[in-house]
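Read through the structure below, which is laid out as structure tokens, and then see the notes.
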Amino acid sequence: MTVTAERPPAAGSPRHLVGAADFAELGLGALLDRADGLRSQRHAADRERPLIGRQVALLFEKPSLRTRVSFEVAVNALGGHAIALGPDEVGLGRRETAADVARNLSRLVDAVVLRTFAHATLTEMAAASDVPIINALTDDEHPCQALADLLTLRRHFGRLAGLKLAYVGDGNNVAHSLLLGGAVAGLDVRVATPPAYGPDPTIVARAGELASGSGGRITVGTDARSAVADADAVYTDVWASMGREAEADERRDRFASYQVTTDLLVAASPDVVAMHCMPAHRGEEIAAEVLDGPRSVALEQAENRRYVQEALLIALVGEA
Ligand code: CP
Ligand code: NVA
């Protein structure tokens, strides 16, 4: 008897989502169009299930609410099966090397979604993997968040090119992915952080290159008011990211004048939206009245995580 593999492995190297600069190669416009379509069909009984028979491992070395749940929902909604592994289960880089984890998972699943600390762990896995690796947050980047943020902006304003996005706060992983993703999308991205807490200069330079090809603009400085001037969207994130909790007290002092308040938003466009990837600390990086007020699109951002990730999984796994 001849046993035929149901799904032969795709030829060539897999495509990964390592960082938001990859949006250019993955086709940002098409991904967002597909995500929009998936969102509008979310209740349709005859919704496509292109992940039937596909397995997706979700490896989380840091806590998560939105990313974990939105990926599980996305995989399930597309007909696939998600296997979630928490911080104590795999021992990535401790029990065995990141490359060995990737090689073994490549024999068992069709894609790996990874949240980890060092970005190098993700790139090591991507280099050794025969299946797509999707960055679900590292110390350096959070591209799935930026993708959902771009969908949120496009749905709200009906366009992306030329929109003014001000990011105020820590020059962290979320800021990095907004710089790169915003540059691919042709946004005017302005980042304002306290001195010495700015984004990585290598990422800023890469964003500048991407922006010069898309008609976008990148400005990085320390003045929150000038970043916010006439902005269509004002974005912030926690002052101490996961892994930096020990610095929280010191950062609270240094970042105090970078809180997104109603007063700061006066300098922005009258139609400004307030954005936050969440989890949020009311009274620190954002005033409660802004996060919970009519300008906030934070929950739209959270909801859109599911649809951009569905679009991404179809592009990387369902069509491979
Ligand atoms: N925004 C976001 O990634 O949230 P979680 O850390 O809860 O996944
Ligand atoms: N910058 C934050 C984002 C959380 C979604 C962190 O890394 O903790």
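Miscellaneous remarks
- In the stretch 111-156, a dipole from Cβ-located charges (positive for Lys and Arg, negative for Asp and Glu) runs towards its positive end, and of Gln145, Thr123, Asn135 it is Gln145 whose Cα lies farthest in that direction.
- A Förster distance of 51 Å, applied to the separation of the beta-carbon atoms of Ser257 and Arg95, puts the FRET efficiency at 0.70.
- Scaled radius of gyration (Cα, divided by 2.2 N^0.38 Å) that the chain gives: 0.99
- Ranking of Val109, Val56 by neighbouring Cβ atoms within 10 Å, starting from the fewest: Val109, Val56.
- When the GluC sites (Glu not before Pro) in the stretch 227-320 are filtered for DSSP coil states and for at most 12 other beta-carbon atoms within 10 Å of their beta-carbon, the remaining sites are Glu319.
- Assuming charge only on the beta carbon of Lys and Arg (+1) and of Asp and Glu (-1), the dipole of the chain about its Cα centre is about 640 debye to the nearest 20.
- J(HN,Hα) series, the stretch 156-163, from Karplus relation 6.51 cos²θ - 1.76 cosθ + 1.60, nearest Hz, glycine and proline x: 6, 9, x, 6, 10, 3, x, 4
- Across the stretch 42-53, rounded Karplus estimates of 3J(HN,Hα) from the backbone phi angles (6.51 cos²θ - 1.76 cosθ + 1.60, θ = phi - 60°) give 4, 9, 6, 5, 9, 4, 4, 10, x, 9, 4, x Hz, Gly and Pro being marked x.
- Residue with peak Gaussian network fluctuation, the chain [Cα springs, cutoff 10 Å], from Gly171, Gly283, Gly198: Gly283
- Sequence-ordered 3J(HN,Hα) estimates for the stretch 58-68 from the Karplus curve with 6.51, -1.76 and 1.60 and θ = phi - 60° stand at 10, 9, 10, 9, 10, x, 6, 10, 4, 5, 4 Hz, glycine and proline given as x.
- Cα-based shape type of the stretch 19-67, given that a ≥ b ≥ c are square roots of the gyration tensor eigenvalues and the cut on a/c is 1.5: oblate
- For His142, nonlocal amide neighbours, meaning residues 5 or more places apart or on other chains whose placed amide H falls under 5 Å from its own, are Ser177.
- For the stretch 41-182, a/c is not less than 1.5, where a ≥ b ≥ c are the root eigenvalues of the C-alpha gyration tensor, and a/b does not top b/c. That puts it in the oblate class.
- Efficiency of FRET between Thr219 and Glu250 - r from beta-carbon atoms, R0 22 angstrom, step 0.05: 0.25
- Sites matching trypsin sites (Lys or Arg not before Pro) across the stretch 108-207 that sit in DSSP coil, with at most 13 neighbouring C-beta atoms within 10 Å: Arg159
- Whether the stretch 229-295 is rounded, prolate or oblate, judged on the alpha carbon gyration tensor where a/c under 1.5 counts as rounded: prolate
- Computed from Cα atoms, the angle from the helix 173-185 axis to the main principal axis of the chain rounds to 90 degrees.
Read-outs: derived from the displayed coordinates by stated rules, not from any lab. Note that the structure is a prediction, hence the values are computed from the model and not measured. Neighbour counts are summed over all protein chains in view; Cβ atoms, including those assigned to glycine, are modelled from backbone coordinates with ideal geometry.
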